[in-house]
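Some notes on the structure that comes next.
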Amino acid sequence: MSSEYKATIGLEIHAELKTETKMFCNSKNDPDEKKPNANICPVCMGHPGTLPVINKEAVKSVLKVGLALQGNLADYTEFDRKNYFYPDIPKGYQISQYKYPLVSGGELNGVKLTRIHLEEDTALSKHKGNYSLIDFNRAGVPLMELVTEPVITSAKQAAAFAKELQLTLRYMNVADANMEKGEMRVEANVSVSKDSKLGTKTEIKNLNSFKIAEKAIEYEIERQTGILEAGEKVVQETRGWDENKQETFSQRQKEGSSDYRYFPDPDLPKLKLSEIKEFGSIGLANEIPDLPSEKRELYRETGIKAEDVEVFVQSPFLGELFLSAVKAGASPPITANYITSDLIGLMGGNIKEQKFKFSIKSFFELLRMLSKGEIGSRAGKDILKIMYEEGGAPKSIAKEKGLYQQNDMTELRALAEKIISENDSVINDYKSGQGSALQFLIGQAMKETKGSANPQVISEIFTDLLK
């Protein structure tokens, strides 16, 4: 992007909520349903004469998110009809919120929020050749929409915000927000200008991964900059992302609120939230867990590496394993290293929660043995591998496999003398001042003892014998 121009970006992010039933009916809310049109009823299919009923748990979830993000919870709210005709909305309108959202304001990751409101999702359209199929399982699923202020200045910042929101929703257990399943969708409003006055914006819809969102925003910034540098005007429109061409493309002229002809839904009651006991902010606050930002600071305070902090933020169950070990007296750097390097390696890089064959108590015991010098680092890794694959107690494994660290001076001295007698050329290298020769000798001792020799003790013995 030309240094003369600056980008202004606002995001609209939709996330399906984890409720048992849909937003306005009792049809099951199941994102994993494989059979099309299995979870439907006359209400979510828009049959004449049916009446919607508000899902209280969905309202509660959005209020909790608003509270967690320091937003202002509404006292009065209502649902509106957003009128448009498309096959995925059989009623001819979507029930959403316009003038009175559930939450106003707030902040996340340093980005100010405009609002958070609640609506119903649409059906899923599948296009095949010259015809389309529609699956109504998703129609009517509770959908939270979060809108940011136009204060984001780069594609990278936009992607980071979306990632932090996904993480926050998962911590709060209100949404799984899997983008690959369409449970979270990102739309970006992008404009560029030379000064503080906002330029003409375009909206990029249906960005279904963080990587694609970042690429699409970067492309759109460059596209608009090129148009302005050529002396032309940017057209306000809705655009999509073509993954094959790696570019955005025009879909339609951007609609305004007047195009949707919003008006309050006459079939749904107005809500005075202060009169509903379950929606009191004090009670809701008690249901909000530690958020990613709070956990991140807690991990940082232990002094571990920044990359390890992010691993534990992304994987709460590994984070809890780390904190539990540290609280029990384990060294934070050693604990973090064994989890992020060795344990995750054994897990095949998958940091999602899984059941281990070893107990937390056994993991603590392994770390204690390391800190006390009972076993060496190599032995610790070997024992952890056996614990992961077969289970068992670390003390029993160390004894059975002969992995306890050897500190017996007599045995280690005899071993060192044997190694010296077998490596005349290395001894000559050592005596000529090559420091690496000593490391070779120590390595041989560790190999002979299968990693059980105390490397500090064996180093001192070699140094003494080679004087």
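Each value in this text was obtained by applying a stated rule to the coordinates, not by laboratory testing. Bear in mind the structure is a predicted one, so any value in this text is a computation, not a measurement. As a convention, Cβ positions derive from the backbone with ideal geometry for all residues, glycine included, and neighbour counts pool all protein chains shown.
Here are some notes:
- Descending by average beta-carbon neighbour count within 10 Å, the peptides 374-385, 139-150 line up as 139-150, 374-385, the highest first.
- Contact order normalised by residue count of the chain, Cα under 8 Å, 6+ apart, percent: 14 percent
- Cα-Cα over 31 Å, subset of Lys357/Lys447; Lys6/Lys205; Lys305/Lys372; Lys34/Lys272: Lys34/Lys272
- Alpha carbon convex hull of the range 233-364, volume per residue in cubic angstrom: 291 Å³
- Normalised contact order of the range 292-401, rounded percent, pairs of Cα under 8 Å and 6 or more residues apart: 22 percent
- Partners for Lys385 among aspartates and glutamates (Cα-Cα distance below 16 Å; same-chain residues under 8 apart left out): Asp342, Glu365, Glu400
- In summary, the aspartates and glutamates within cross-link reach of Lys35, defined as a Cα separation below 16 angstrom excluding same-chain residues under 8 places away, comprise Asp135.
- Inter-centroid distance (Cα atoms) of the range 436-467 relative to the range 202-218, Å: 56 Å
- Share, in percent, of DSSP beta bridges within the chain that are antiparallel, nearest 5: 95 percent
- The aspartates and glutamates within cross-link reach of Lys467, meaning a Cα-to-Cα straight distance under 18 Å and a gap of 8 or more places when in the same chain, are Glu417, Glu422, Asp424, Asp429.
- The range 347-413 and the range 46-109 have their alpha-carbon centroids 53 Å apart.
- Out-of-range pairs (alpha-carbon distance over 28 Å; input Lys128/Lys352; Lys99/Lys128; Lys163/Lys245): Lys128/Lys352; Lys99/Lys128
- Relative contact order [Cα under 8 Å, 6+ residues apart], the range 6-285, whole percent: 24 percent
- Ranking of Ile339, Ile427 by count of other Cβ atoms within 10 Å, fewest first: Ile427, Ile339
- Long-range Cα-Cα pairs in the range 77-190 (distance over 18 Å), rounded percent: 59 percent
- Here the dipole of the chain is about 420 debye; that uses its Cα centre as origin and unit charges on the Cβ of Lys and Arg (positive) and Asp and Glu (negative).
- Net charge, Asp265 excluded, C-beta distance under 9 Å - Lys, Arg +1, Asp, Glu -1: -2
- Charged-residue dipole, Cβ positions (Lys, Arg, Asp, Glu), the range 141-183 about Cα centre, Debye nearest 20: 140 debye
- Dipole of the chain, positive end: most advanced residue of Tyr388, Gln157, Thr114 [Cβ charges, Cα centre]: Tyr388
- Rounded Å value of the spacing that divides the Cα centres of the range 277-339 and the range 9-41: 30 Å
- Viscosity 1.002 mPa s, 20 °C: Kirkwood-radius Stokes-Einstein D of the chain over Cα pairs, µm²/s: 80 µm²/s
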